[in-house]
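Remarks on the structure that follows.
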Amino acid sequence: MRFKFFTAVLLIATISVATRAQQRIETVLQSEWKFHKGEAVDAYKINFDDSNWETVSVPHDWAIAGPFIKDGNGSTGKLPWKDEGWYRKKLNLTENYSGKQIYLVCDGIMAFPKIYVNGKFAGQWDYGYNSFYLNITDFLKTGSENILAIHADTRNHDSRWYPGGGIFRKITLVAVNPVHVDTWGTQITTPVIKPNYADVRIGTIIRNASAAGSEVTVKHSIMNPEKELVAEKSVKGNIASGSAQRLETTLTLSEPQRWDVAHPNIYTVITRVYRNNELMDTYKSTFGVREMRFTADNGFYLNNCRIQLKGVNLHSDLGPLGMAFNKGAMERQLQIMQSMGCNAIRTSHNVPAPELLELCDSMGLLVYNEAFDKYDRKADITDTTDFDAFAKRNIGNFVKRDRNHPSIFIWSVGNEMHDVQTNSNNGLWRLHTMVNYVHKYDPTRPVTMACDMTGQAANRHFDLYDVHSWNYQRRYELARQLEPEKAVIVSESASTLSTRGFYEFPLPKKPDDFTNSLQISSYDLNAPYWAEIPDDDFKWQQEEPYVAGEFVWTGFDYIGEPTPYDNRWVKEHGMTDENASRSSYFGIVDLCGIPKDRYYLYKSYWKPDETTIHILPHWNWEGREGEITPVFVYTNGDCAELFLNGKSLGKKCKNPRAGKSVDRFRLMWDKVKYEPGELKAVAYLHGKKIGEQILTTTSDPVKLRISPDRKVIKADGSNLSFILLEAVDKEGNVYPLADNKISISIKGEGKIAGVGNGNPQSFKGFQSASVNLFYGKAMLIVQSGVDPGKIIIEATSDGLKKAVTTLETK
Ligand code: GAL
């Protein structure tokens, strides 16, 4: 198989309105990067010899291939992310580029990137998660080869989770005429929304880098979600040489189609800039028409309907793929979350990839868009001596880049910033500075900050922002008492801990009963001392309508933060650093996206109209015959009857007024004595049977099963198929204890992008041609090449019949 990547730069003209010369050339710099990890002092120089360096494509994460550092720090994933690294790429700029202004737009480089063009320092940035851009025109030569060199350095970066290393999001080269729309240069708001019309206000920043002042006409064309032209209007202005000016105008849409979670209608604006009737630039933006408001006593309203936020927190890593952004992998994460009834995402705790917001716009997911984590503790930011300038550039880029996305309903300036909450180190002034910059760049949305220090609410930091936002345990109570005019968001709920497929007996007596197994029982009753189980949050929200909703910590497991089994815990319990885990137990689904039991608990409550009947634990307990083995059923029904080998173990009903939260949301038979065979749950809603579920004791596994989520993928060198591997018995039931090693062979137009199995204790590499099943399952991620064709994947394991599947790449 041949991996032929794009040899020349990939040219994507955003809009094909051809005039004399192409007006805007946007090129994603994906392939043919040279990469070196470690020091290379001369690597910025033009003639530096990089021929021995590895060839990589971007997005790239230099640490995800490992190997794991077994005695390393579990909190950041035990992967070799702390280092410096160099990237070099040739840019062949044809004559099409002559006379153009050329920008480099970077969406995320970990960390402290320094950019060199043709041997000269062109600029730098100080916050790895943020997008930034540089005008590199003066460093480039058109009609010839240019050298772009980027230094990334994580040695002074600290983090409370795995941050990855290198150019982990896309880089785009943008070439425009001297008169052009600035980067992120449109701001689209809908100041008036009535049932039969909406005003659309468009502010456009036009930059004039030409030698003479220019009279320009800026013409906006609005397309409805069906791509039909529905409004058009022009605005004129005079832009002095070497300056930029904002030109505003208002268009009216009749019968606007609202953006909503059920109907995510997106409008498109094509902005054309003319000078002396000649087209200079064409720029595309998207927006949505929707009304959003928080009420003091009744939470959040979207288009005049109260909507409970059923949200999850997502970190930036993509499990076995690490931090290297991939839109398909992100889309899959969001689809899995949405399938559970989730309607909102919090981008904990950093500026997300811009593609995440595009996906949320088009999928109908609300976004709590967050800028920073507690920078005064472990931080992405080391030097904030000039905080005002720091906040201005970082909040400025964050808000200007993202403000047209209809999915964003609130901005968060940060998570658990302790200096702010305690008002030390000028904390309140810092908060005020950040909030002011958000409001300056977007006066239309509320701002918040996620808090955790209960008593510090007395400092009234909430007077400086719009909505209360608190993590865990009803900590919002004092803030809400002191300021009842503001609604509440539970920005982090649950933090429930579990390992997919793993169960321990007896049930824990209290949430933070953890054992030396280094895994956490999947009965969903464990949480760290500061947090709670899902049922508690459901109950509290039922009791308090001013709570607009919750964001569960977390939707997916992530690399790092293996609470409680971090290096400190294992040492306190007589073990060594090598025993500390490398990824979290917080996820509703595991690191590979395989649902844990909790997925069904959330689905049963968040998606009441869809039938859910889920029985736990598995029913393979050889050696536990006659012993108490509690059985739980998660269902949207209100009652269920449980049968063991045909004998009823009784009917249980949820008690909607129960004081103990679990009794409201789960059905539990806690005296069941294990005997092998068949467990059956028959569920009822309002007295009517809604369905039944059967769980059987499986016999020994005899064969492998291979199930790709996508059989046809794009031949673009980055599209993915997530392939579930399982061991099944002769009846086709998954053997829930299987830990067989599976070898993978791939032929054709694809390669292995990653493997994993959701075990936070696994130190086998994520980029390997073999993987062990973990409680019966594992995940293989296959990536397309650039040639269309077939990918034949074979999974083999000693003693099991092999499984084969074929994907098509188009
Ligand atoms: C919160 C914090 C999160 C995560 C979580 C774990 O306090 O904001 O980033 O650490 O605890 O429960």
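The values are calculated or read from the model by the stated rules, or taken from the named source; none is laboratory data. This one's a predicted model, so the numbers in the text were calculated from it and none came from an experiment. When we count neighbours, we look across all protein chains shown, and the Cβ atoms used for this are built from the backbone with ideal geometry, even at glycine. The protein model used for the area step is the full one, side chains on, heavy atoms only, and it has no ligands, DNA or RNA in it. Shrake-Rupley method; radii C 1.70, N 1.55, O 1.52, S 1.80 Å.
Listing for the model above:
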read-out: Per-residue HN-Hα couplings for the stretch 639-655 [Karplus 6.51, -1.76, 1.60; θ = phi - 60°; Hz; x = Gly/Pro]; value: 9, 7, 10, 10, 10, 10, 6, x, 9, 5, 9, x, 9, 10, 10, 5, 10
read-out: Taking the convex hull of Cα positions in the stretch 366-476, its mean projected area over all directions (nm²); value: 6.7 nm²
read-out: In degrees, nearest ten, helix 354-363 long axis to first principal axis of the chain (Cα); value: 60 degrees
read-out: Separation between Cα centres of the stretch 474-491 and the stretch 91-123, rounded to whole Å; value: 46 Å
read-out: Those lysines that a straight Cα-Cα span of less than 24 Å connects to residue 486, excepting residues fewer than 8 apart in one chain; value: 310, 374, 440, 539
read-out: Accessible area (Å², 1.4 Å probe, nearest 10) - residue 515; value: 50 Å²
read-out: Cross-link reach list, lysines versus residue 651, counting only Cα pairs under 22 Å and skipping chain neighbours closer than eight places; value: 603, 660, 671, 673, 680, 688, 689
read-out: Efficiency of FRET between residue 92 and residue 645 - r from beta-carbon atoms, R0 51 angstrom, step 0.05; value: 0.10
read-out: Inter-part distance where the stretch 290-307 and the stretch 762-810 are each reduced to a Cα centre, Å; value: 46 Å
read-out: Solvent exposure, largest accessible area first (probe 1.4 Å, DNA, RNA and ligands not counted), of 483, 572; value: 572, 483
read-out: Cα long-axis angle, helix 387-402 against the chain (0 to 90 degrees, to the nearest 10); value: 80 degrees
read-out: Heavy atoms of residue 368 accessible to a 1.4 Å probe, total area in Å² rounded to 10; value: 0 Å²
read-out: Helical contribution to [θ] at 222 nm, DSSP H n ≥ 4, -39,500 (n - 2.57), averaged over the chain, rounded to 500; value: -3500 deg cm²/dmol
read-out: Partner lysines for residue 810 [C-alpha distance under 20 Å; skip if fewer than 8 residues away on the same chain]; value: 4, 327, 711, 714, 747, 751, 790
read-out: Accessible surface of the chain [probe 1.4 Å, protein heavy atoms]: carbon and sulfur percent; value: 48 percent
read-out: For the chain, Cys with no neighbouring Cys Cβ under 4.7 Å; value: 106, 305, 342, 360, 451, 592
read-out: Calculated FRET efficiency for the pair residue 458/residue 304, C-beta based, R₀ 51 Å, to 0.05; value: 0.90
read-out: Accessible area per residue, Å², the chain with all protein chains present, probe 1.4 Å; value: 37 Å²
read-out: Accessible surface ranking that places the most exposed of 283, 605, 585 first, with a 1.4 angstrom probe; value: 605, 283, 585
read-out: Summed side-chain charge close to residue 79 - residues other than residue 79 whose Cβ falls under 12 Å, Lys, Arg +1, Asp, Glu -1; value: +1
read-out: Separation of alpha-carbon centers, the stretch 176-220 and the stretch 594-660, rounded to whole Å; value: 56 Å
read-out: Separation in nanometres of the label points that stand 7 Å from Cα toward Cβ, at residue 575 and residue 767; value: 2.8 nm
read-out: Label-reachable residues, the stretch 714-754, where backbone N falls under 18 Å from a point 7 Å from residue 699's Cα toward its Cβ; value: 727-738
read-out: Probe 1.4 Å - accessible area at residue 285, Å² to nearest ten; value: 10 Å²
read-out: Overall form of the chain per C-alpha gyration tensor (a/c, 1.5; a/b vs b/c); value: prolate
read-out: Degrees between helix 427-441 axis and first principal axis of the chain (Cα, 0 to 90, nearest 10); value: 60 degrees
read-out: Residue-span extension gain [residue 155 to residue 444] - 0.36 nm each, minus C-alpha spacing; value: 100.2 nm
